[in-house]
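Undergrad: Would you mind keeping the following structure in view while I ask a few things?
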Amino acid sequence: VQLQASGGGLVQAGGSLRLSCVSSKRTNSNNGMGWFRQAPGKEREFVAAVDWRGGNTIYADSVKGRFTISRDNAKNSVYLQMNSLKPEDSALYYCAVALRASGSANRDQYRYWGQGTQVTVSS
C-alpha cells in the first residue's frame, strides 16, 4: 500500500493550507485514517483522525477549531483543511491508515504511513 501526501508549502501565520493523501489501495476505505506531524527534534504527534465512514473525527487539542479532517472513499483520499495556521504548526505532516475502522490518536494503531509533506508557517 502506498500513501501519497501533498499540499504542503510555505504560508504566513493566519493562512490556510489543504493537505491531501491518496491511497493506492481501495480496501483502505474500510479503515480509519489519520494525520500526524513531526517537527525537527520532536516526536511524531497526533493531529487528527477519521473513521472509515467519515462520520466520527478526533483532533489534538492544539488544532481543534482550526483543522478539519475529511475523507472521500470514492477517491481513496483523506484531507486535512488547516486554517488559522501558526508557526508552531510547522512540521512534516504524515497520513496513515489505521488498523481498525475507527480512527485513533495512538500512532501504534496505524499500519501504513505516507512519506510526508512539509508545512512551514512563517511569523
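Undergrad: So, Thr68, is that one at pLDDT 95 or above and in contact with a Leu (Cβ under 6 Å, 6 or more places away or on another chain) or not? I'd like the intermediate steps shown before the answer.
TA: On the way: at pLDDT 95 or above: yes; in contact with a Leu (Cβ under 6 Å, 6 or more places away or on another chain): no.
The answer is no for Thr68.
Undergrad: Something else: Could you run through region 24-67 and say how many residues are touching a residue at least 60 places away in the same chain (Cβ under 8 Å) and either at positive phi or open to solvent by less than 20 Å² (accessible area, probe 1.4 Å) (or both)?
TA: So the answer is 8.
Undergrad: Given the criteria at pLDDT below 95 and more than 17 Å from Thr120 (Cβ to Cβ), does Asn73 qualify? Steps first, please.
TA: Numbers: at pLDDT below 95: yes; more than 17 Å from Thr120 (Cβ to Cβ): yes.
Spelling it out, Asn73 is indeed at pLDDT below 95 and more than 17 Å from Thr120 (Cβ to Cβ).
Undergrad: Another question about this same structure. Which of the residues spanning region 1-43 are over 17 Å from the mean Cα position of the chain (by Cα) and aromatic (Phe, Trp, Tyr)?
TA: none
Undergrad: Still on this structure, I have one more. Restricting attention to region 4-23, which residues are crowded, with 16+ Cβ neighbours inside 10 Å and assigned to a strand (DSSP E or B)? So that I can check it myself, show each step before the final result.
TA: Filtering region 4-23 down to residues crowded, with 16+ Cβ neighbours inside 10 Å leaves 5, 7-8, 11, 17, 19-23.
Correct list: Ala5, Val11, Leu17, Leu19, Ser20, Cys21, Val22, Ser23.
Undergrad: Go through region 71-119 and give me each residue that's farther than 15 Å from Arg53 by Cβ, surrounded by fewer than 16 Cβ atoms within 10 Å (Cβ to Cβ) and touching a helix residue (DSSP H, G or I) at 6+ places or on another chain (Cβ under 9 Å).
TA: Within region 71-119, just Leu99 meets the criteria.
The values are calculated or read from the model by the stated rules, or taken from the named source; none is laboratory data. Everything numeric here is computed off the predicted structure, so don't read it as measured data. Heads up, the Cβs are rebuilt from the backbone with ideal geometry, glycines too, and the neighbour counts pull from every protein chain shown. The accessibility values were calculated without ligands, DNA or RNA, using every heavy atom of the protein model including side chains. Shrake-Rupley method; radii C 1.70, N 1.55, O 1.52, S 1.80 Å.
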